[in-house]
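Since the structure comes first, as structure tokens, the remarks are kept for the end.
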Amino acid sequence: MSASKSDAALLTQKKVEQKPPPLYKILLLNDDFTPMDFVIEVLKVFFSMDQEQATRIMLKVHTEGVGVCGIYPEDIASTKVKQVVEFSRINQHPLRCVMEEN
Ligand code: TYC
């Protein structure tokens, strides 16, 4: 950027260079031990799904090994991952939940 740009030009340029914040997928991973009903409860409580949606996603993870339960900005995604993992460990289930850039 040249040194001679006006303030207005600098403000305009800054706007052009701004990217939207990255979004993150939250993934649930299958395991052999976590009860199906517990996974459904997690999807309802932390991802606001109804019984039908939650059952569909749980069965997708159960049969395919992994499934997306939501897409969020980084801070919301990392909070939800922590909450799901903590809730699972408190209930003594090994459910894995991770995030990856979309
Ligand atoms: N595979 C588990 C069972 O048979 C159910 C399950 C589904 C576990 C989804 C984890 O993310 C998961 N009880």
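The values are calculated or read from the model by the stated rules, or taken from the named source; none is laboratory data. These numbers were taken from a predicted model, which means no experiment stands behind them. Glycine also receives a Cβ, built like all others from the backbone with ideal geometry; neighbour counts cover every protein chain displayed. Side chains are part of the model used for accessible areas, which takes the heavy atoms of the whole protein and leaves out ligands, DNA and RNA. Shrake-Rupley method; radii C 1.70, N 1.55, O 1.52, S 1.80 Å.
Quick notes on this structure:
- Among the residues of region 39-59, those that are more than 12 Å from the ligand (Cβ to nearest atom) and buried (at least 17 other Cβ atoms within 10 Å of the Cβ) comprise Phe46, Phe47, Met49.
Matching residues to (1) more than 12 Å from the chain's Cα centre (by Cα); (2) exposed (fewer than 15 other Cβ atoms within 10 Å of the Cβ); (3) at pLDDT 95 or above:
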{"site": "Ser2", "(1), (2), (3)": "yes, yes, no"}
{"site": "Lys19", "(1), (2), (3)": "yes, yes, no"}
{"site": "Leu28", "(1), (2), (3)": "no, no, yes"}
{"site": "Phe33", "(1), (2), (3)": "yes, yes, yes"}
{"site": "Asp37", "(1), (2), (3)": "yes, yes, yes"}
{"site": "Gly70", "(1), (2), (3)": "no, no, yes"}
{"site": "Glu74", "(1), (2), (3)": "no, yes, yes"}
{"site": "Lys80", "(1), (2), (3)": "no, no, yes"}
{"site": "Gln83", "(1), (2), (3)": "no, yes, yes"}
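- Scanning region 93-102 for residues that are within 14 Å of the ligand (Cβ to nearest atom) and open to solvent by 80 Å² or more (accessible area, probe 1.4 Å) yields one hit, Arg96.
- Within region 19-46, residues that are under 20 Å from Met99 (Cβ atoms) and of a type in the set (Ser, Thr, Tyr) have Cβ atoms under 6 Å from residues that are more than 6 Å from the ligand (Cβ to nearest atom) and open to solvent by less than 30 Å² (accessible area, probe 1.4 Å) in these pairs: Tyr24/Ala77, counting only partners at least 6 apart in sequence or on another chain.
- Qualifying positions in region 79-102 - under 30 Å from Pro20 (Cα atoms) and touching a residue at least 24 places away in the same chain (Cβ under 8 Å): Lys80, Val81, Gln83, Val84, Arg96, Cys97, Val98, Met99, Glu100, Glu101, Asn102
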